[in-house]
Structure formats: C-alpha cells, structure tokens
1. Considering the stretch 30-48 alone, what residues qualify as being modelled with pLDDT of 95 or more, open to solvent by 70 Å² or more (accessible area, probe 1.4 Å) and among the hydroxyl-bearing types (Ser, Thr, Tyr)?
2. Output the residues belonging to the stretch 110-123 that are exposed (fewer than 14 other Cβ atoms within 10 Å of the Cβ) and touching a helix residue (DSSP H, G or I) at 6+ places or on another chain (Cβ under 7 Å).
3. Might you check whether a residue that is in contact with a Leu (Cβ under 7 Å, 6 or more places away or on another chain), hydrophobic (A, V, I, L, M, F, W, C), more than 21 Å from VAL10 (Cβ to Cβ) and modelled with pLDDT under 95 occurs anywhere in the stretch 126-148?
4. Do you know which of the residues in the stretch 53-109 that are buried (at least 19 other Cβ atoms within 10 Å of the Cβ) and of a type in the set (S, T, N, Q) is nearest to the chain's Cα centre (by Cα)?
Amino acid sequence: MKKVALFEKVSKVEFLKSGTIEEYDDIILPRRATKGSAGYDFFAPKSFTLKAGETVKIATGIRVKIDDGWVLKLYPRSSLGFKYRLRLDNTVGIIDSDYYYADNEGHIFIKLTNCGDAEMSVEKGKGFAQGIFVEYGITYDDVCDNERTGGFGSTDKK
C-alpha cells in the first residue's frame, strides 16, 4: 500500500474560530477500521442530532498533508447513508493537496443533511464520515500555475 498523507489536528487558535474549543483535546485523528478498509473514518468531535431535513456543519479539527497527485474524497459513513439517507451537502467533499497550506490551516469542515424521515444521532467520538485517498492525473497541455491562498471556496475568487 502506498503511503501518501498525514492527518494532523489544526491549532487550538484555528479550531476556536469554528466557535468552540472544549472539544479540541478530544479530537480523534481519522483512521481505518480494518486493514482492508479503503476509508479513513472521521469521528464526531461533539455529539449531534439531526431531525429529518436538518443540516449541520461539523468543524472536524482535522487537516491533512497530502502528496502531490493525490486527493482526499469525503463521504458519509455507509451505514448512516443507508439507514438515514445522510448526505454531504456538496455530494462528495474534495480536499486538494494544497488545502493544507490555506489560511485556515486546511481545517476540514463537513456539512451534512439528514435526507431521511427519521431523526438520527451521532455520539461524540463515533464515526460519521469517511475519507478515501485517490490518485488523479492532469492533461498534457495543463498550464495552471495559480496557488491557493484561502480556504473553502477560495479558488473561484481569483
């Protein structure tokens, strides 16, 4: 298996910008459940409940340093998607390798919506999303030399 990334916590100062700090020391770095798992589970830094149709934005407290040529794709945990129709609001989260260097330290936020008809809860420390590292290519005639400066949504503000 090729090793291409390293998960870290964002600084306490950066995490405080998300609105709370008391969960910082309890942040669990993403990890695989079994040696055959492709996905790295993301764990809830605090408990949350979503009624049918409700949305929540989770400040994970996590950043990831990724080798060039790789991307981290984020999805809801399979069981939550199946049981509750839990969805990421952007369908699939894409964490680019240069996001690590963004002005928000590459802090990963995950916005979820309960698209089902039953209330669902996730306890603090339980997995709610998963990330999979995927290699990607670029075109032969690619000439992009722009560099990221901001966080989420910054690449379309140039």
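The values are calculated or read from the model by the stated rules, or taken from the named source; none is laboratory data. Bear in mind the structure is a predicted one, so any value in this text is a computation, not a measurement. Heads up, the Cβs are rebuilt from the backbone with ideal geometry, glycines too, and the neighbour counts pull from every protein chain shown. These accessible areas exclude ligands, DNA and RNA; they are computed on the full protein's heavy atoms, side chains included. Shrake-Rupley method; radii C 1.70, N 1.55, O 1.52, S 1.80 Å.
1. THR34
2. Correct list: ALA118 only.
3. The answer is no; no qualifying residue exists.
4. THR60
Per-residue answers, yes or no, for (1) farther than 20 Å from ALA44 by Cβ; (2) of a type outside the set (Asp, Glu):
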{"site": "ASP89", "(1), (2)": "no, no"}
{"site": "VAL92", "(1), (2)": "no, yes"}
{"site": "ASP98", "(1), (2)": "yes, no"}
{"site": "HIS107", "(1), (2)": "no, yes"}
{"site": "SER121", "(1), (2)": "no, yes"}
{"site": "GLY125", "(1), (2)": "no, yes"}
{"site": "ALA129", "(1), (2)": "no, yes"}
{"site": "ILE132", "(1), (2)": "no, yes"}
{"site": "GLU135", "(1), (2)": "yes, no"}
